[in-house]
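What follows draws every value from the coordinates through simple rules; no lab data is involved. This one's a predicted model, so the numbers in the text were calculated from it and none came from an experiment. Heads up, the Cβs are rebuilt from the backbone with ideal geometry, glycines too, and the neighbour counts pull from every protein chain shown.
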Amino acid sequence: MVVSGPVSRRAAAATMLLHTSRVPRECWFLPTALLCAYGFFASLRPSEPFLTPYLLGPDKNLTEREVFNEIYPVWTYSYLVLLFPVFLATDYLRYKPVVLLQGLSLIVTWFMLLYAQGLLAIQFLEFFYGIATATEIAYYSYIYSVVDLSMYQKVTSYCRSATLVGFTVGSVLGQILVSVASWSLFSLNVISLTCVSVAFAVAWFLPMPQKSLFFHHVPPSCQGTNGIKVHNGGVATDTAASNHLPQCEDVESKIPLNPEEPPVEEQESKPDRLLVLKVLWNDFLVCYSSRPLLCWSVWWALSTCGYFQVINYAQGLWEQVMPSRHAAIYNGGVEAVSTLLVYIMDTVRNIWVCYASYVVFRIIYMLLITIATFQIAANLSMERYALVFGVNTFIALALQTLLTLIVVDASGLGLEITTQFFIYAGYFALIAVVFLANGTVSIMKKYRKQEDPESSSQVTPS
């Protein structure tokens, strides 16, 4: 039976609306679900809060100097060296291969943590963990290449929540198995290896993105209404989101008119690598010419540097205050609480005060870094997020490497853990004084302008 007239048109319209309403869900739900599953299992590592006791214990039988001054610094150095090449490789290879590399690096790391012996082998282990850390950028940027711009905020929250929940569940599980079930730390590493192996298996099912931010662009004609207006340095500019799949593919345009002529996709020229680097450099200059963005970025890099250093060596301080071989440890529970929600840690020789100070420290950092991230992102277009935060992370790692080389590394001062934390406390105090003075000067200038109507009337609003 054929239905004609207004009824058929309404039915056709309803069918089309139903179809189009399902497309966005089909486009973003599957890759987001797979990526969240990957992030959850990759972060579900119950042995991680107990890494230092494990290395110092009978399984590895390493000394404190070897662990703190010769092994842990390798992670910092490898992370710094690999960050920029991985950043470019992530975009050039279109994310998924680098996500797989991260999963493979985690498997190698925990396999070596189970069976590798000796100082040199554990240093190689830290190098592979540096690869896994540097390739995190692929996990956080992959989803933007396969979903529409309107879904960015939602999928970002899902992906970050997955890793947060995974880390928290892993920390709580590790604490329960150690404190209640009396499992060995070796067994916790077996669970961690199993979880990261599951994550690696899940990553294979991720769809391969066809576009990326720099090397594989979306043609301008296909960007349509996905442009966004942002203010950079007081000047409004329209930019188009180029890191998602094209929305205006024409099937007929892919059919060659001449049978011997290759399809349009095959005729696409290879990306100009030098041009990509020039675009990155120009974007770098534009972004950091904004004084507010520069100030927030400096604070972000300095605070992140100190934060990395504290969390990397906090287990060492706890081991000094209360050795794990002589008493029960609650590292997993503390890590879980601090994830959900420095000076005192070093001066008060009480493990519970250290735990509480660590929790407060991480809460304050997470709160302030969220504010700083928002302030930086408010002045950026989508295309420049990865660049600016990548540069900020690189600067933070460079500063951390310098701090590690001088304070921690055996080839430098090689200071003991308590002296290190005195230095970290002074580092944060110096940052606080500098930015407090800067904020005070800015407030005073603003107050004087308000008191002087002539000078305020001459100021042109940006």
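Some points to look at:
- For region 389-434, dividing the convex hull volume of the Cα atoms by the residue count gives 77 Å³ per residue.
- Förster radius 30 Å - calculated FRET efficiency between Q375 and A33, Cβ distance, rounded to 0.05: 0.45
- Residues whose placed amide H lies under 5 Å from that of G414, excluding near-sequence neighbours: V408, D409
- Cβ-Cβ FRET estimate between W281 and F205, R0 fixed at 51 Å, reported to 0.05: 0.90
- Modelled label positions at R448 and W352, each set 7 Å beyond Cα in the direction of Cβ, lie 5.2 nm from each other.
- Full extension of the segment from E64 to R160, taken as 0.36 nm per residue of separation minus the current Cα-Cα distance, would add 31.2 nm.
- Region 15-167: C-alpha gyration tensor shape, a/c 1.5 cut-off, then a/b vs b/c: prolate
- FRET efficiency for E416 and A116, using Cβ-Cβ distance with R0 set to 25 Å, rounded to 0.05: 0.45
- Cα convex hull, region 163-209: 69 Å³ per residue, rounded to a whole number.
- Other residues lying with their Cβ under 12 Å from the Cβ of L206 contribute a combined charge of +2, Lys and Arg counting +1, Asp and Glu -1.
- Sorting 39-45, 303-309, 362-368, 388-394 by average packing, meaning the other beta carbons within 10 Å per residue, from highest down gives 39-45, 303-309, 388-394, 362-368.
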